[in-house]
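S.K.: Next up is a structure, given as C-alpha cells.
Computed from the coordinates by the stated procedures, all read-outs in this text should not be read as laboratory data. Only a predicted model underlies this, so the values are computations on that prediction, with no experimental measurement involved. Please note: Cβ atoms are built from the backbone with ideal geometry, for glycine as well, and neighbour counts cover all protein chains shown.
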Amino acid sequence: MDKLDLEAIDYIMASSKLKFSTRSFIYTFTNECIKDYLKFFDLKSKEILTVTGSGDHILNMLLDVDNIDTFDINLYAYYFYILKSYALITLELDEYLDFFLDKESNYSKKLFGKIKQNWDNNFDIKHFFDYVFTKYDKHTPLFTNNKYSDREQLIKNNTYLEEKNYYKLKNDISNKTVNFINSNLTRLNLDKKYDYIFISNITDYLNNMFNTEPLKSYKKFLYKSIIPHLKESGKLVSYLYNGNMIGFNDSEVDEILNYGFVKKEVNNDKILIYTKGGTWKNI
C-alpha cells in the first residue's frame with residue numbers, strides 16, 4: 001500500500017465533512033431503488049458504463065452482463081467494490097449483510113479472515129482493508145454506513161440481494177470482467193460506445209461541476225462529450241431523489257432538457273432518461 005493511501009486514510013478518519021475527491025469516504029450500499037428502475041431496461045448482453053459508487057450498480061448489472069465499465073472520481077469506491085466481490089464469493093447471504101451492516105460495533109474480524117482466504121488477486125487492495133480494519137472500526141468517516149434496520153429495504157433496492165440472485169452471482173462473478181476508470185464524469189476519456197450509461201445522482205452536483213448556467217452547460221457537455229459515446233437508441237440514465245434535481249425547479253429542468261429526456265416514476269423517486277436519436281435543439 002502506497003504512502004498516498006496511508007495519508008488519505010488517516011486524513012479521512014480525521015474529518016467527517018469531506019467533499020468528493022480521488023480518495024474520499026465510501027458508501028456501503030446504494031440508496032437508489034435500483035431493482036425497480038432496471039426493469040425499464042433490457043441489459044442482457046449490452047455494453048454498459050455505470051458509476052461505481054457503493055458497487056451495487058455493478059453487482060446488480062452483472063446479473064445480466066459478463067463485462068461492464070465503471071467510473072468514479074473516488075479510487076476507494078473501486079476498492080470497496082473489490083471487497084464486496086470477494087465477500088460475495090466467500091460469504092453466505094446473511095453473513096454478507098451482517099458484515100456490511102451495523103450489526104456489530106466493528107467489522108467482524110472472523111468474517112474478514114474468511115474473505116481474505118479467497119482473496120487471490122488485487123493484493124494492494126487487500127492490504128488497504130487490512131490496515132483499515134486493524135487500525136479503525138467501521139464507525140469512522142471512511143464509511144457512510146447503512147443501519148442493520150435498513151436490511152429489508154436494501155434487499156428491496158437490490159436485485160442481487162435476493163437469495164436466488166445472490167447465489168447465482170456468487171457462482172458467476174469470478175468469470176465477470178469489471179473495468180474501472182478513475183475519473184469524474186466531465187473528464188471521462190472514452191474509446192467505445194455504450195447501450196447504457198448510468199450516472200446515478202451526479203446531476204445533484206451540477207452547480208459544482210459548471211460555473212455558469214449549470215443546466216445549459218450540462219446539456220452542452222452531454223451533447224459534445226457523452227452522447228457521442230452512446231450507440232444509436234442508447235440511453236443515458238440519471239437518478240432523481242424525490243423526483244427532483246437539486247438546485248433546480250421542475251420547470252427549469254423541463255425547459256432546458258426538453259428534447260429526448262423523459263422521467264419515469266420509481267417509488268417516491270424518478271429516473272431521467274435520455275435516448276439518443278434525432279437532432280438536438282438550443283445547443
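S.K.: Farthest toward the dipole's positive end in the chain, which of L230, L111, V262, given Cβ charges of +1 (Lys, Arg) and -1 (Asp, Glu) about the Cα centre?
M.R.: Most positive-ward Cα: L230.
S.K.: Just want to confirm a number: the relative contact order over the range 45-200, from Cα pairs under 8 angstrom separated by 6+ residues, in percent.
M.R.: Relative contact order of the range 45-200: 42 percent.
S.K.: Relative contact order of the chain, please, whole-number percent, based on alpha carbon pairs below 8 angstrom and at least 6 residues apart.
M.R.: Across the chain, relative contact order equals 21 percent.
S.K.: What does the charge dipole of the range 191-268 about its Cα centre add up to, to the nearest 20 debye, if the Cβ of each Lys and Arg holds +1 and the Cβ of each Asp and Glu holds -1?
M.R.: Approximately 360 debye in magnitude.
S.K.: Nearest 10 degrees is fine. How inclined is helix 75-90 to the longest principal axis of the chain, computing both from alpha carbons?
M.R.: Taking Cα atoms only, the helix is inclined about 60 degrees.
S.K.: Now a separate question. Taking +1 at the Cβ of each Lys and Arg and -1 at the Cβ of each Asp and Glu, which of F180, N121, Y76 sits farthest along the dipole of the chain towards its positive end, judged by Cα position relative to the Cα centre?
M.R.: F180
S.K.: Another question, if that's okay. On a full-extension model of 0.36 nm per residue, what is the gain between H127 and S225, subtracting their alpha-carbon distance, rounded to one decimal in nm?
M.R.: The span from H127 to S225 would gain 31.6 nm if fully extended.
S.K.: Moving to a separate point now. Taking the Cβ-Cβ separation of E255 and T212 as r and a Förster radius of 22 Å, what is the calculated FRET efficiency to the nearest 0.05?
M.R.: 0.80
S.K.: By the scheme Lys and Arg +1, Asp and Glu -1, what is the net charge of all other residues having a beta-carbon under 11 Å from that of F80?
M.R.: Residues near F80 contribute -1 overall.
S.K.: Here's another thing I want to ask about it. Considering the Cα positions of the chain, please state its Rg to one decimal place and its Dmax as a whole number of Å.
M.R.: When restricted to the Cα atoms of the chain, Rg and Dmax are 19.0, 58 Å.
S.K.: I want the antiparallel fraction of DSSP beta bridges within the chain, as a percent rounded to 5.
M.R.: 40
S.K.: Please state the charge dipole magnitude for the chain, taken about the Cα centre, from unit charges on C-beta atoms (+1 on K and R, -1 on D and E), reported in debye and rounded to the nearest 20.
M.R.: Its charge dipole is roughly 440 debye.
S.K.: Quote the convex hull volume per residue of the range 27-79, based on C-alpha atoms, as a whole number of Å³.
M.R.: Considering the Cα atoms of the range 27-79, their hull volume per residue is 78 Å³.
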